[in-house]
Amino acid sequence: MNKFKLDKVSQDFIKTSFGNVLEWYDFTIYGLFALQISRTFFPKNIPFISLLLVFATFGVGFLARPLGSFIFGIIGDRRGKLYAVNLSIWLMAIPTTLIGFLPSYEVLGILSPILLVFLRICQGISAGGQFSGLIAVAVDSDAPNKPFLTSLIYTISVLGCFLASLVGSISIAVFSNSAHSGFPSLVWRIPFILSMVLFLIYSRMVPEFPKHNLEAEHKFTLADIFAKQPKVLIYMSLLSFTTGTIYYILFTYLVTYMQAHLHLGKQLAFLEMNGILIVSIFLYPLFGYFANRHACRVSYAKRYVLLMLFGALIFALSVVNVWLGIIGLLVMVTGFCAVTSFVTSLFAEIFDEAYRMTACSLSFNLGITLAGFAPLVAELVSRASAYGLTILLMVIILFMYWIMGKITQTKGYKKLLRV
């Protein structure tokens with residue numbers, strides 16, 4: 001049985017990773033309340049267009065992630081990875097709280113959605129350094145089971161999503177009557193404002209990390225990354241795109257899909273999402289623990305990609321029977337948790353140590369930037385066909401399988417197998 005050696009860096013990693021709860025609570029709450037936000041910040045005369053604009057604004061936050069990956073990646077490689085990750089959390093908490101207080105379209109007119117886009121960009125810059133920064137921290141630790149540590153990042157991320165869904169459910173139950181008392185937006189505003197409470201808890205639990213001067217050790221330019229490992233950077237970015245697309249469809253968009261296309265009530269949709277998130281919380285560390293036993297982790301993960309494909313086929317039956325669709329969804333989630341647990345540490349391991357956090361952040365966030373528009377695309381294909389979402393999922397899953405095959409052929413991956 002593997003023994004987990006948690007040195008000081010690993011302990012700091014686990015503490016800091018709890019900031020991921022705040023990070024993903026903040027980023028998820030927007031997607032969960034897409035329908036309600038569309039009615040607040042965009043004209044109400046064409047609901048479908050307003051909803052598309054909300055998902056487009058959701059995607060705008062992802063366009064800023066490469067900028068965040070560059071900023072915090074450089075800070076991490078030259079001033080310390082833990083310092084950079086802690087700094088990024090500040091940039092997430094403040095804009096999220098401000099969104100909760102942002103006046104509606106009826107009050108500010110066009111200025112209201114403009115301010116919303118600006119705050120989403122701030123959130124995107126923050127997210128560009130946080131998650132991928134933790135991956136680099138985990139890989140640089142002395143822990144022998146690094147895939148387990150990186151799987152914890154996803155576990156804690158899902159905890160943030162679950163907390164967002166739970167708070168959202170409670171807010172719907174408590175404040176739904178506010179619509180009849182002249183305050184219809186309280187249902188979604190309260191969860192945004194509560195993010196500041198989470199931030200205050202985090203700031204008390206995790207102290208600021210000191211800056212280091214690592215420039216003498218890690219001298220590099222962005223050109224070095226593109227010159228030394230161009231194929232790895234491209235393939236890992238594409239892998240990030242596929243895993244990110246599946247993630248945001250399964251854990252963000254489906255709440256809207258269940259309401260708008262399967263005609264489930266808000267409370268039932270949130271209840272089902274909570275169940276999926278709870279399952280994921282247990283699956284991530286389980287698969288992360290077993291991942292370290294397989295040297296060829298990407299090759300092994302491809303088996304679970306096929307499980308995801310099987311789940312997508314069952315999910316297609318949701319147009320006939322909702323419960324069959326839920327079974328298919330659970331199969332997909334199981335396969336997805338396995339895949340991400342097996343391959344996430346690769347985003348840092350496969351790159352040279354001198355520019356590890358910068359390359360990890362770039363590859364991860366270049367892919368996630370495109371994946372951020374997954375809810376928008378998912379809504380368009382769902383409107384076009386009852387099987388549109390299933391077809392989209394199957395195409396992305398098959399593309400993921402192909403990308404993994406390409407990664408196993410790179411020199412960077414083969415070098416890892418020899419270590």
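The values are calculated or read from the model by the stated rules, or taken from the named source; none is laboratory data. If you're wondering where the values come from, they're calculated on a predicted model, not measured in any experiment. Cβ sites come from the backbone with ideal geometry, for glycine too, and all protein chains shown count toward neighbours.
Looking for something more than 16 Å from THR97 (Cβ to Cβ), at pLDDT 75 or above and either in a helix (DSSP H, G or I) or of a type in the set (A, V, I, L, M) (or both) - is there at least one such residue anywhere in segment 188-201?
Taking segment 188-201 as the starting set, the residues that turn out to be more than 16 Å from THR97 (Cβ to Cβ) are none.
No, segment 188-201 has no match at all.
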What are the residues in segment 345-404 that are under 17 Å from TYR248 (Cα atoms), without any contact (Cβ under 8 Å) to a residue 12 or more places away in the chain and among the small types (Gly, Ala, Ser), if any?
GLY388
Hey, among PHE315, PHE364, which residue is in a helix (DSSP H, G or I), farther than 25 Å from PHE48 by Cα and aromatic (Phe, Trp, Tyr)?
PHE364
Look through segment 367-397, keep the residues that are in contact with a Gly (Cβ under 7 Å, 6 or more places away or on another chain) and not in a helix (DSSP H, G or I), and return whichever of them is nearest to VAL139 (Cα to Cα).
GLY372
Out of the residues in segment 144-187 that are modelled with pLDDT of 70 or more and more than 19 Å from ILE29 (Cα to Cα), state the one that is surrounded by the fewest Cβ atoms within 10 Å (Cβ to Cβ).
LEU152
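Matching residues to (1) closer than 29 Å to ASN86 by Cβ; (2) modelled with pLDDT of 85 or more; (3) of a type in the set (A, V, I, L, M, F, W, C):
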site: ARG204; (1), (2), (3): yes, no, no
site: LYS211; (1), (2), (3): yes, no, no
site: PHE220; (1), (2), (3): yes, no, yes
site: GLY244; (1), (2), (3): yes, yes, no
site: LEU254; (1), (2), (3): no, yes, yes
site: LEU268; (1), (2), (3): no, no, yes
Looking for whichever is farther than 26 Å from PRO47 by Cα, surrounded by fewer than 19 Cβ atoms within 10 Å (Cβ to Cβ) and at pLDDT 85 or above here; the options are PHE282, PHE226. Which one fits?
PHE282
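Look through segment 223-278, keep the residues that are of a type in the set (Phe, Trp, Tyr) and under 13 Å from the mean Cα position of the chain (by Cα), and return whichever of them is farthest from ALA374 (Cα to Cα). Full working, then the answer.
Residues of segment 223-278 of a type in the set (Phe, Trp, Tyr): 226, 235, 241, 247-248, 251, 253, 257, 270.
Subset that is under 13 Å from the mean Cα position of the chain (by Cα): 241, 247-248, 251, 253.
Numbers: PHE241: 10, TYR247: 9, TYR248: 7, PHE251: 11, TYR253: 8 Å.
Only one residue fits best here, namely PHE251.
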Filter result for LEU393 (touching a helix residue (DSSP H, G or I) at 6+ places or on another chain (Cβ under 6 Å) and under 21 Å from MET332 (Cα atoms))
yes
Can you tell me which of (1) under 18 Å from VAL158 (Cβ atoms); (2) surrounded by 22 or more Cβ atoms within 10 Å (Cβ to Cβ) is the one PHE33 doesn't meet?
(1)
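Looking only at segment 259-279, filter to residues that are without any contact (Cβ under 8 Å) to a residue 40 or more places away in the chain and either among the charged types (D, E, K, R) or assigned to a helix (DSSP H, G or I) (or both); which one of those is surrounded by the fewest Cβ atoms within 10 Å (Cβ to Cβ)?
Filtering segment 259-279 down to residues without any contact (Cβ under 8 Å) to a residue 40 or more places away in the chain leaves 263, 265, 268-269, 275.
If we keep only those that are either among the charged types (D, E, K, R) or assigned to a helix (DSSP H, G or I) (or both) too, we end up with 268-269, 275.
On the way: LEU268: 13, ALA269: 23, GLY275: 16.
Among those that are without any contact (Cβ under 8 Å) to a residue 40 or more places away in the chain and either among the charged types (D, E, K, R) or assigned to a helix (DSSP H, G or I) (or both), it is LEU268.
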Restricted to segment 358-382 and to residues being of a type outside the set (Gly, Ala, Ser) and surrounded by 24 or more Cβ atoms within 10 Å (Cβ to Cβ), the residue farthest from the chain's Cα centre (by Cα) is THR358
Return the total of residues in segment 83-103 being at pLDDT 85 or above and either among the acidic types (Asp, Glu) or closer than 15 Å to TYR30 by Cα (or both).
9
Just give me the residues in segment 287-317 being modelled with pLDDT under 85 and farther than 18 Å from TYR154 by Cβ, in sequence order.
ARG293, ALA295, CYS296, SER299
Among the numbered criteria (1) modelled with pLDDT of 75 or more; (2) out of contact with any Cys (no Cβ under 7 Å at 6 or more places or on another chain); (3) not aromatic (Phe, Trp, Tyr), which single criterion is violated by GLY31?
(1)
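Kindly check whether there is at least one residue in segment 335-351 that is more than 16 Å from LEU239 (Cα to Cα) and touching a Ser or Thr at 6+ places or on another chain (Cβ under 8 Å). If you could, list the steps in order and put the result at the bottom.
Step one: list which residues in segment 335-351 are more than 16 Å from LEU239 (Cα to Cα), which gives none.
Taking every residue of segment 335-351 in turn, none turns out to be more than 16 Å from LEU239 (Cα to Cα) and touching a Ser or Thr at 6+ places or on another chain (Cβ under 8 Å).
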Pull up segment 318-357, narrow it to residues that are under 18 Å from the mean Cα position of the chain (by Cα) and assigned to a loop (DSSP other than H, G, I, E, B), then point me to the one that is modelled with the lowest pLDDT.
SER345
Would you please name the residue that is farthest from SER165 (Cα to Cα), looking only at residues in segment 285-335 that are crowded, with 17+ Cβ neighbours inside 10 Å and among the charged types (D, E, K, R)?
ARG297
Mind checking whether some residue in segment 229-244 is crowded, with 20+ Cβ neighbours inside 10 Å and among the charged types (D, E, K, R)?
no
